[in-house]
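Colleague: Submitted below is the structure of interest, expressed as structure tokens.
What follows is calculated from the coordinates using simple rules that are stated; it is not laboratory data. Fair warning: this is a prediction, and the values are worked out from it, not measured in the lab. Counting neighbours? That spans all protein chains shown, and the Cβs are built from the backbone with ideal geometry, glycine included.
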């Protein structure tokens, strides 16, 4: 399957997953649909951007990516926010998030063997992240 077809298939699977989540009572918003390389590097090197006295600086922060590559830039990954009963699900404790979002992730993965969920990553916990390999 060529690159455009892969992007299109991923977009379709995400739209179906959002539709499923809404049917399950969630509100869904986008977090990151495309990420520039510079932001990916900030995540990889464990930094965050802050403003101090009118100047933008990088501070040490937790590493949020184990790779410099960026699936978001290839338009084959998206971060989604899930809200139910006015509660931002991803802000809950890890085990609760996993329990709540697992059925949505399972639905997404059932659409294609290429679909993966960041809530099942071994290296970094990323329950917002949905991607196509």
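Colleague: What residue among 33, 105, 77 has the largest mean-square fluctuation in a Gaussian network model of the chain, using Cα springs under 10 Å?
Modeller: Checking each option, the largest mean-square fluctuation is seen for 33.
Colleague: Still on this structure, please answer the following. If one takes the longest principal axis of the Cα atoms in the chain, at what angle in degrees, from 0 to 90 and to the nearest 10, does the Cα axis of helix 3-23 lie?
Modeller: Helix 3-23 sits roughly 80 degrees off the main axis of the chain.
Colleague: Also, I was wondering about something else. For the chain, modelled as a Gaussian network with Cα springs under 10 Å, which listed residue fluctuates most, 79, 37, 60?
Modeller: 60
Colleague: Ranked highest first by average number of other Cβ atoms within 10 Å, how do 85-97, 19-31 line up? Please report the intermediate quantities before stating the final value.
Modeller: On the way: 85-97: 12.0, 19-31: 13.6.
The packing order, highest mean first, is 19-31, 85-97.
Colleague: Also, quick follow-up: Relative to the first principal axis of the alpha-carbon coordinates of the chain, what is the inclination of helix 94-110, with its axis defined by its Cα atoms, in degrees from 0 to 90 and to the nearest 10?
Modeller: Orientation of helix 94-110: about 50 degrees from the principal axis.
Colleague: Which of (i) 34; (ii) 42; (iii) 14 is the computed percent of Cα pairs over 24 Å apart for the structure on display?
Modeller: (i)
Colleague: Per DSSP helix of 4 or more residues, -39500 (n - 2.57); summed, then divided by the residues of the chain. What does that give at 222 nm, rounded to the nearest 500? Display every interim value, and only then the final one.
Modeller: Details: 3 runs with 46 residues, N = 133.
Value at 222 nm, helices only, nearest 500: -11500 deg cm²/dmol.
Colleague: Taking the chain as a Gaussian network, where each spring joins two C-alpha atoms under 10 Å apart, which residue of 112, 123, 65 fluctuates the most?
Modeller: In the Gaussian network model the winner is 123.
Colleague: Sticking with this structure for a sec: May I ask you to derive the relative contact order of the chain, considering only C-alpha pairs under 8 Å and at least 6 residues apart, and to give it as an integer percent? Show your work: numbers first, answer last.
Modeller: Working: 183 pairs, mean separation 33.7, N = 133.
In percent, rounded to a whole number, it is 25.
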